[in-house]
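The values are calculated or read from the model by the stated rules, or taken from the named source; none is laboratory data. From a predicted model like this one, the values you see are computed outputs, not experimental measurements. Because the Cβ atoms are built from the backbone with ideal geometry, glycine has one as well, and the counts that use them run over all protein chains shown. The area values use the complete protein model at the heavy-atom level, side chains included, leaving out ligands, DNA and RNA. Shrake-Rupley method; radii C 1.70, N 1.55, O 1.52, S 1.80 Å.
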Amino acid sequence: MAKDLTKQQDSDTLSTTQVLEEGVHHVNNPVLDLPEIVKNYLGPVTGYHQENNNYYFTDGGASVEVKVVSDEIIRVRLAPKGQFLEDFSYAVPQSDQHVAVYNFEEDQQAYRVKTNTVTCVIRKADFLIAFEDREGKEYNKDYSPMHWEENPDFGGYYVYCTKAAQANEAFYGLGDKPTNLNIRGKRFVNWNSDTYSFQFNQDPLYRSIPFYIGLHEGDAYGIFFDNTFKTYFDFAAEAHDQTSFWSEGGELQYYYIHGPHMMDVVKRYHSITGTHYLPPLWALGYHQCRWSYYPESKVRDLARNFRERNIPCDAIYLDIDYMDGYRCFTWNKRYFPDPKKMIKDLADDGFHTVVIIDPGIKVDENYWVFKEGKKNRYFCRRGDDYFMEGYVWPGRCQFPDFTNQEVREWWGGLFKGLVEAGVAGVWNDMNEPAVFGRGTFPNDVRHNFDGYRGSHRKAHNVYGMQMVRATYEGLKTLFQKKRPFTITRAAYAGTQRYASVWTGDNVATWEHLRLGALQLQRLSVSGMPFCGTDIGGFSGEPDAELFTRWIQFGVFSPFMRAHSAGDTAEREPWSFGPEHEALNRKFIELRYKLLPYIYSVFWEHSKYGFPILRPLTMVEQRLESNIPREEEFCFGDKLLVSPVLSPGQQHKTVYLPAGDWYYYWNDSRFEGGKEHEVKTPMDEMPIFVKAGTVLPEYPVMQHVYEKKIESLKLLVYHAVQETNSYMYEDHGDTFAYEQQIYLEKRFVVKGTSNSLKIKQFVDGLYSERYDTYDLHLVSLPFNVKRIVVDDKPAVAKQDSQGRYVVTVPKDFKNIIVT
Ligand code: MIG
């Protein structure tokens, strides 16, 4: 279905061994097929020298650099023959940005590079490297000295690092691997691959994020192996006491990132690789996609249906059929005679239009994109200087070298026409890169790699990242003041600076719904916060129940988009009959109610690097029983959800972390630190709000900004423990927030058995358009006698759920309820 495999391959048909080596279609781990190899290990340390925050150690031949990046981050590099490679990284734009206090010690046994937080110990006798905290607790250490072998394919080296795996250590991260959260006992390879209807445990998939977190006795650290070649990881699979990572080329270069909190590990990983920019508010709404909505009348029908049925929606996607013969940056004028008019009408009705763009450019002398690319030699070439050609949707194609700055600028500018037509977002697909028949480019394709030239071995895993970077930067320039929205399928570490991601071509099965819940949690701890699955499943047919449960999970997916393949039955929220239409509406409405909270969580990510989804092990990492709990997670730090992932499920066991929680649907209070049995009828899913939370809610809108908010609703959940909640507000789609034009509000709630105090602190220069808040006081353990707002008495009513409601000025400072 998805691809036509009968299409002719490139002239040099690959032999089976070559296919194995290319690494895309292999079934067995290709490393097992390698001939006998000789590995060189670092010998005893013979000396060292220092240059600022870099320390160099040698065994006489090889050199090892230990760099203090920050108080909590130390980078290690290996140069087998003493010669380091150029210090260039697509993931870490600047590794020298942090200032830290550090010092150095030497004794009989070891050298120690110390910061205020971490000590890196380099043992003299055997060159083993370890990382400790200030108290001398060992977090991570080498099992064997770093080693390498001459690369039989192209000179250079295969580089290896083997660390000790501690007895009960659990491992997390590595991006979108479709498997259990704890990856101990598993092996992986990173090589971006188009994996239509992938399966549980399949590897590799679309993305390469060579970053993992180790968790041992409640303490966490991270390792980021910044190497773009095909990389491998083994988490105590081959040998129960060893964790290894290695690569088919490039440098052995990794960052040790200290915890002990997993949250801090992720935050610090973001401090070097960047966070996701603050998305436009509309991008957090509900998105409707399909392969493909065309012609124009179909798109207009779709939009009309959403509005007539009162189902909120902010974005409609155009998949490849909007183009003229799949030529990027063109329109099929028969299907879309006047795109500008259509997009304008959609926009007037509150819909943003997002279009797909693939990397393959049709070889066609009458097509301006091809002509410009050809003239300027922007397309990738093979080792013998022939252009890299392959078949994709448009037929015979050539592919821009996005690792070249000049090509990226050119590509970014090509969006001019689409932007003038009103397009608000761009979806980058097939950028692993995917090529019909052969999988991807052959290894001999040459890339500019921003001046650090290399073959496809080095550039493959960053190709998609550089494509979406070109897209993001181009849109940003063309939009001027507005925030672009971008989404990519392929990625390398750091791609979060340019785009959101979705998990690719999943399947309409319950297993895939569950897999999606695991993948999004994994992406979130791996530095890819803005992520989603194809709601409903890309291929195959979900039944009504599966679709509704997937919509429910979608409400708590950072990115919420329904998508389906072209050969499936209609797949809109109303496609499953009136009963499920009402259920789907209810949950899409819930997403819109929660938008001010969701937006605030994105702000916390963008500004501070906190992940959006947080697995339970991250929330309560000292509790070993949380390690196998992978179906529930927190969205931000106030909401805990446990999506229903099985058919016919009538109830679910939910563990609540320590503290009090309120059930979202009826305000009843639950005690944390234990499990609860929760009913899960179709119209409910387990959602809990942490006690002490101030949860902002918008009225239901059909799209963002549809209605002017008269008075903002704030749900205030009683707590005895003093609790902070943050709310972020701004224009929603401009970059003015970079000039402090935003509001960051902090609410402090503190209660007793007969009182509740609420304080507000406001920071920033934006002014909201409403004047008051409607405070809904949830589950007060007492009857209200008096409410005092900034020393003035106020009157409360009771709402339909029996909550006390009081309207207060938006700039209140202090409220006392007794
Ligand atoms: O070869 O553009 O993952 O979301 O609908 C298939 C058509 C190409 C794969 C994407 C999918 C998209 C489809 N694309």
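What to note about this one:
- The figure for Thr275 is an accessible area of roughly 40 square angstrom, using a 1.4 Å probe on the protein chains alone.
- Percent carbon-and-sulfur accessible area, the chain, ignoring ligands, DNA and RNA, probe 1.4 Å: 47 percent
- Cα coordinate range in region 42-273, projected on the principal axes (Å, largest first): 55, 42, 34
- The modelled label-to-label distance between Asn52 and Lys137, using points 7 Å beyond Cα along the C-beta direction, is 3.3 nm.
- Computed from the C-beta positions of Glu365 and Phe200, the FRET efficiency with R₀ = 60 Å rounds to 0.85.
- Net length gained if the chain between Arg622 and Glu570 were fully extended (0.36 nm per residue, minus Cα distance): 14.1 nm
- Sites matching GluC sites (Glu not before Pro) across region 59-97 that sit in DSSP coil, with at most 10 neighbouring C-beta atoms within 10 Å: Glu86
- Summarised in one figure, the compactness ratio Rg/Rh of region 426-566, Cα atoms and Kirkwood Rh, is 1.02.
- Placing R0 at 60 angstrom, the Cβ-Cβ distance between Thr807 and Val38 gives a FRET efficiency of 0.20 after rounding to 0.05.
- Computed over region 394-503, the quotient of the alpha carbon radius of gyration and 2.2 N^0.38 Å is 1.06.
- Theoretical FRET efficiency, 1/(1+(r/R0)^6), r = Cβ-Cβ of Ala167 and Lys607, R0 60 Å, to 0.05: 0.95
- Counting only protein heavy atoms and using a 1.4 Å probe, the accessible area of Arg268 comes to about 50 Å².
- The chain - accessible surface per residue (Å², probe 1.4 Å): 36 Å²
- Solvent-accessible surface ranking, highest first, for Glu135, Glu541, Glu372 at 1.4 angstrom: Glu135, Glu541, Glu372
- With N as its number of residues, the chain has a Cα radius of gyration that, divided by 2.2 N^0.38 Å, comes to 0.96.
- In range of the label at Thr752: residues from region 759-796 whose backbone nitrogen is under 15 Å from the point 7 Å along Cα→Cβ: 781-783, 785-786
- Burial order of peptide ranges 341-353, 513-525 (average beta-carbon count within 10 Å, highest first): 513-525, 341-353
- Three-way shape call for region 662-816 based on the alpha-carbon gyration tensor, with the a/c threshold at 1.5: oblate
- Placing unit charges on each Cβ (+1 for Lys and Arg, -1 for Asp and Glu) gives region 42-273 a dipole about its Cα centre, and among Gly173, Gln108, Ala125 the Cα reaching farthest toward its positive end belongs to Gly173.
- Proximal lysines to Lys341, defined as alpha-carbon separation beneath 25 angstrom and excluding residues fewer than eight positions away on the same chain: Lys298, Lys333, Lys416, Lys476, Lys481, Lys482, Lys707
- Each Lys or Arg adds one and each Asp or Glu subtracts one; over the other residues with Cβ under 12 Å from the Cβ of Asp87, this totals -2.
- Estimated from helical segments only, the mean residue ellipticity of the chain at 222 nm is -5500 deg cm²/dmol, where each DSSP H run of four or more residues counts as -39500 (n - 2.57).
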